[in-house]
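The values are calculated or read from the model by the stated rules, or taken from the named source; none is laboratory data. Given the structure is predicted, the values throughout are model-derived calculations rather than measurements. Counting neighbours? That spans all protein chains shown, and the Cβs are built from the backbone with ideal geometry, glycine included. Ligands, DNA and RNA are excluded from the accessible area calculation, which covers all protein heavy atoms including side chains. Shrake-Rupley method; radii C 1.70, N 1.55, O 1.52, S 1.80 Å.
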Amino acid sequence: MTGFGTAAGRVGSGQITVEVRTVNHRFFTPTIKLPGSLGRFEGDVREALRQKIGRGHVTLYCRYERDEERPAVSIDEERFAHFVVQLRALQLRHSLGPIDMGAVLRLPDVVIGEARDPAGDGSLEELLAIVNQAVAALMAMRAEEGARLSGFLLERLRIIDAALGRLAERAPTRTIEHRDRLRAAVRELTEGLGVDETRLAQEIAIMAERMDVQEELDRFRSHIEAFEGAVRESGGEPVGKRLGFLLQEMLREANTTGSKAADATMLRDVVVIKEELERIREQVENVE
């Protein structure tokens, strides 16, 4: 969701520059700063941003660019001359020193600021055209960042998928090893006494069912496929919330697999998966 865009153009008789910045946020939270004469268009600008930006903290700043051909201040020559005549009369009457031009300029209303807002006669259409250009530049920057982020996420998914493959390969062997250990422990404890093989077989079956992680691995792979599809084929639509939900589901399956693993080799791969999911989570927060 991070991006920046800028555009410039004329609104009325004034030249303005619009800058738009976005950072990640769960909701659409705009902050709009317009010159006083354009403040009446704030609601329309807000709605224009809402239509193009799904979520994130959005800051729009609009400022005037000084027109070099039009001075910001001017001198009222008629008033200046009026004060000079009065000061010269006082100078002769009271034998004063030379007249200071700076002192004259500091007298009331000799120097006049530009009272009229150069964009005051501008239209909403002129302003929105510039805003849309700035947003288009921002969206282009976000698209470039999104392409880089997409590659990062897909690489993390490949690492997770490889770990799932190792878990699926190890799971049956782990179950057989636990079965053999259970049989050996029972024989050692009974010390040659007769063992109810039917009951032992039932216990082994219960153990195998509790340790079975195939369903978790199958669901995990389906979540990966959905996640990858959302990243590759978003169609320009917001996918951040969908990715966040899928990420939660994958983490839930990873936790369940870890709790059932009871095997050091499998637990190492579960830790790898959780590390990669955390890296993905940090980046998904930046996805709209």
**OP:** For the stretch 121-144, indicate whether the set of residues that are open to solvent by less than 70 Å² (accessible area, probe 1.4 Å), within 30 Å of Tyr61 (Cα to Cα) and without any contact (Cβ under 8 Å) to a residue 40 or more places away in the chain is non-empty.
**Re:** yes
Original post:
Restricting attention to the stretch 57-74, does a residue exist that is at pLDDT 80 or above, open to solvent by 70 Å² or more (accessible area, probe 1.4 Å), in a strand (DSSP E or B) and among the basic types (Lys, Arg)?
Top reply: yes
Original post:
Which of the residues belonging to the stretch 259-288 are within 27 Å of Ala143 (Cα to Cα) and either touching a Ser or Thr at 6+ places or on another chain (Cβ under 6 Å) or of a type in the set (S, T, N, Q) (or both)?
Top reply: Gln283, Asn286
Original post:
Cβ-Cβ below 9 Å, separation at least six or inter-chain, first residue in the stretch 269-288 and under 19 Å from Ala147 (Cα atoms) and outside any helix (DSSP H, G or I), second hydroxyl-bearing (Ser, Thr, Tyr) and open to solvent by 40 Å² or more (accessible area, probe 1.4 Å): which pairs?
Top reply: Asn286/Thr2
**OP:** Looking at (1) of a type outside the set (A, V, I, L, M); (2) under 23 Å from Arg148 (Cβ atoms); (3) not in a strand (DSSP E or B), find the lone condition where Arg40 falls short.
**Re:** (2)
Original post:
Within the stretch 247-265, how many residues are open to solvent by less than 20 Å² (accessible area, probe 1.4 Å) and of a type in the set (A, V, I, L, M)?
Top reply: 4
**OP:** Determine whether Ala254 is touching a residue at least 40 places away in the same chain (Cβ under 8 Å) and hydrophobic (A, V, I, L, M, F, W, C).
**Re:** no
Subject >> Residue list for the stretch 77-86, filter: over 60 Å from the mean Cα position of the chain (by Cα) and closer than 9 Å to Val104 by Cα >> reply: Phe83, Val84
Subject >> Flag if Arg21 is assigned to a strand (DSSP E or B), open to solvent by 80 Å² or more (accessible area, probe 1.4 Å), modelled with pLDDT of 90 or more and more than 30 Å from Ile112 (Cβ to Cβ) >> reply: yes
Subject >> Residue among Lys241, Lys274 that is charged (D, E, K, R), open to solvent by 40 Å² or more (accessible area, probe 1.4 Å) and in contact with a helix residue (DSSP H, G or I) (Cβ under 6 Å, 6 or more places away or on another chain) >> reply: Lys274
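Got a number for residues in the stretch 230-259 being at pLDDT 85 or above and not polar (S, T, N, Q)? Give the derivation first.
Of all residues in the stretch 230-259, those at pLDDT 85 or above come to 230-231, 242-259.
In the following step, the residues that additionally are not polar (S, T, N, Q) were identified as 230-231, 242-247, 249-254, 258.
So the count comes out to 15.
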**OP:** Would you mind telling me which numbered condition in (1) open to solvent by 20 Å² or more (accessible area, probe 1.4 Å); (2) out of contact with any Leu (no Cβ under 7 Å at 6 or more places or on another chain); (3) among the β-branched types (Val, Ile, Thr) Val231 fails?
**Re:** (2)
